[in-house]
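**Student:** Take this structure, written in structure tokens, and hold onto it; I'll ask about it next.
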Amino acid sequence: MAIEVAKIELKTVQDASGVEDCIKAGQFTADQVIAVIGKTEGNGGVNDFTRILADQAYRKVLMKYGKRSEADIHNVPMVWSGGCDGVITPHATIFARNDKTGPADKARLVIGTALSAELLPEDIGRLAMVEKVADAVKAAMKDAGITDPKDVHYVQTKTPLLTIDSVRDAESRGKTLACEVHDSMGVSNGTTALGIAVALGEIAMPKAEQICKDLDLYSSVASCSSGVELTQAQIVLLGNKAGAGGRYRIGHSVMKDALDIDGIYDSIRDAGMKLPDRPRASDLGGKLVNCFMKCEADRHGTLRGRRQIMLDDSDVHHHRHSKAAVGGVAAAAIGDPAVFVSVDAMHQGPQGGGPVIAIIDAGE
């Protein structure tokens, strides 16, 4: 079945009226929704409850209008990234399967999903997590019907992080942990990205001492997020496949640094849209659905040779600085502040930069 994509603004933290309107308009049914990737307006930290509120609101709509069981709806991957610093607008991108057909000779968007084996607190930051994530990514490729890793352009994940309770659980079983609670978000994201890179053949299996240390190891298609609301890795894998039907295509590139606007346009070109050498937002012609990107402050504390202070700021965390900056660059590039920008980009794209993924409407 073909994939339908819709980007919807969140008017409030618990607003799911947009997806409700799509269902009522017949764009897709509640039971056809297979994944959601969204931005919420909380602090983006360990205690960001806005992710949970948005998740509950969207699942409630699927339950109200669909026929699936509560258990089935619980298993629909919903990846919510907290923090809309700067100009970023809270929004969700909905992915649904429908019976629309497209050209059989054209590669179009496909999606595969999977859940990893249970991730224990002591797995985070270690090879066991890399291996479990890699296995799940391969399962998601199979679910999407993709055999060539080069056809994979985006792997969005959500993985657990540490909490005081999970730390106590591990300690009660005599297990040691790889990091502290407040470091676990970045470590979980980085370890997951290595699992994606291994599964897709971007890197060989890393050594234990390279995890979250050797930043020359990275995936160019990984976008990893973490939270307290799950104990497995949720995998949403997107790529192109001939004969998939539908009207959407996906592509990717990398931003070499926070100002690399060309990386954004390169991802749109990779999705199949022709652009001039020096494009502007007006050249997109309404055909871009959304861009998804990861970013992080360069650990060298510089940007294009200029000194940066975000890593020294004791008042505002550097995640919020970098997210706001890249969000502004992305909004200017595509002419829309409803853009998915997430931080904690360790092992996701080059140091100081990050992956950027574009989905376009390629027409009938």
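The values are calculated or read from the model by the stated rules, or taken from the named source; none is laboratory data. All of these numbers come straight from a predicted model, not from anything done at the bench. As a convention, Cβ positions derive from the backbone with ideal geometry for all residues, glycine included, and neighbour counts pool all protein chains shown. Side chains are part of the model used for accessible areas, which takes the heavy atoms of the whole protein and leaves out ligands, DNA and RNA. Shrake-Rupley method; radii C 1.70, N 1.55, O 1.52, S 1.80 Å.
**Student:** In segment 180-211, which residues are in contact with a Cys (Cβ under 8 Å, 6 or more places away or on another chain) and either over 13 Å from residue 133 (Cα atoms) or without any contact (Cβ under 8 Å) to a residue 60 or more places away in the chain (or both)?
**Tutor:** Just the residues of segment 180-211 that are in contact with a Cys (Cβ under 8 Å, 6 or more places away or on another chain), to begin with: 186-193, 196.
186, 187, listed by residue number.
**Student:** Still on this structure: Is there a residue in segment 307-321 that is under 19 Å from residue 39 (Cβ atoms) and among the aliphatic types (A, V, I, L, M)?
**Tutor:** Narrowing segment 307-321 to residues under 19 Å from residue 39 (Cβ atoms): 316-321.
Then keep just the ones that are among the aliphatic types (A, V, I, L, M); that gives 316.
Yes; the residues of segment 307-321 include at least one that is under 19 Å from residue 39 (Cβ atoms) and among the aliphatic types (A, V, I, L, M).
Every residue, every condition in (1) in contact with a Cys (Cβ under 7 Å, 6 or more places away or on another chain); (2) open to solvent by less than 20 Å² (accessible area, probe 1.4 Å); (3) not in a loop (DSSP other than H, G, I, E, B), yes or no:
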residue	(1), (2), (3)
3	no, yes, yes
6	yes, yes, yes
23	no, no, yes
28	yes, yes, no
31	no, no, yes
35	no, yes, yes
38	no, yes, yes
42	no, yes, no
46	no, no, no
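**Student:** Here are the criteria: (1) assigned to a loop (DSSP other than H, G, I, E, B); (2) surrounded by fewer than 15 Cβ atoms within 10 Å (Cβ to Cβ). Tell me which single one residue 142 does not satisfy.
**Tutor:** Checking residue 142 against (1) assigned to a loop (DSSP other than H, G, I, E, B); (2) surrounded by fewer than 15 Cβ atoms within 10 Å (Cβ to Cβ), the one that fails is (1).
**Student:** Within segment 325-364, can you find the residues that are out of contact with any Lys or Arg (no Cβ under 9 Å at 6 or more places or on another chain), of a type outside the set (Gly, Ala, Ser) and under 19 Å from residue 92 (Cβ atoms)?
**Tutor:** Listed by number, the residues that qualify are 334, 337, 357.
**Student:** Taking the criterion of being among the small types (Gly, Ala, Ser), more than 25 Å from residue 190 (Cβ to Cβ) and in contact (Cβ under 8 Å) with a residue 24 or more places away in the chain, would at least one residue in segment 274-281 satisfy it? Talk me through it step by step, then tell me what you get.
**Tutor:** Let us first name the residues in segment 274-281 that are among the small types (Gly, Ala, Ser), namely 281.
Filter once more, keeping what is more than 25 Å from residue 190 (Cβ to Cβ): 281.
The next check asks that each one be in contact (Cβ under 8 Å) with a residue 24 or more places away in the chain; those that pass are 281.
Within segment 274-281, one or more residues are among the small types (Gly, Ala, Ser), more than 25 Å from residue 190 (Cβ to Cβ) and in contact (Cβ under 8 Å) with a residue 24 or more places away in the chain.
**Student:** Let me ask another. For segment 277-331, which residues satisfy the criterion of being open to solvent by 60 Å² or more (accessible area, probe 1.4 Å) and in a helix (DSSP H, G or I)?
**Tutor:** 282, 283, 311, 312, 320
**Student:** Answer yes or no as to whether residue 108 is surrounded by 15 or more Cβ atoms within 10 Å (Cβ to Cβ) and under 28 Å from residue 271 (Cβ atoms). Don't jump to the end; show me each part of the working.
**Tutor:** Values: surrounded by 15 or more Cβ atoms within 10 Å (Cβ to Cβ): yes; under 28 Å from residue 271 (Cβ atoms): yes.
Against the criterion (surrounded by 15 or more Cβ atoms within 10 Å (Cβ to Cβ) and under 28 Å from residue 271 (Cβ atoms)), residue 108 qualifies.
**Student:** Follow-up. Determine the pairs where a residue that is more than 18 Å from residue 61 (Cβ to Cβ) and acidic (Asp, Glu), located within segment 33-50, has a partner that is in a strand (DSSP E or B) and at pLDDT below 95 with Cβ atoms under 7 Å apart, the partner being 6 or more residues away or on another chain.
**Tutor:** What qualifies is 48/82.
**Student:** Go through segment 59-97 and give me each residue that's open to solvent by less than 60 Å² (accessible area, probe 1.4 Å), more than 23 Å from residue 109 (Cα to Cα) and not hydrophobic (A, V, I, L, M, F, W, C).
**Tutor:** 59, 66, 68, 69, 82, 83, 85, 89, 90
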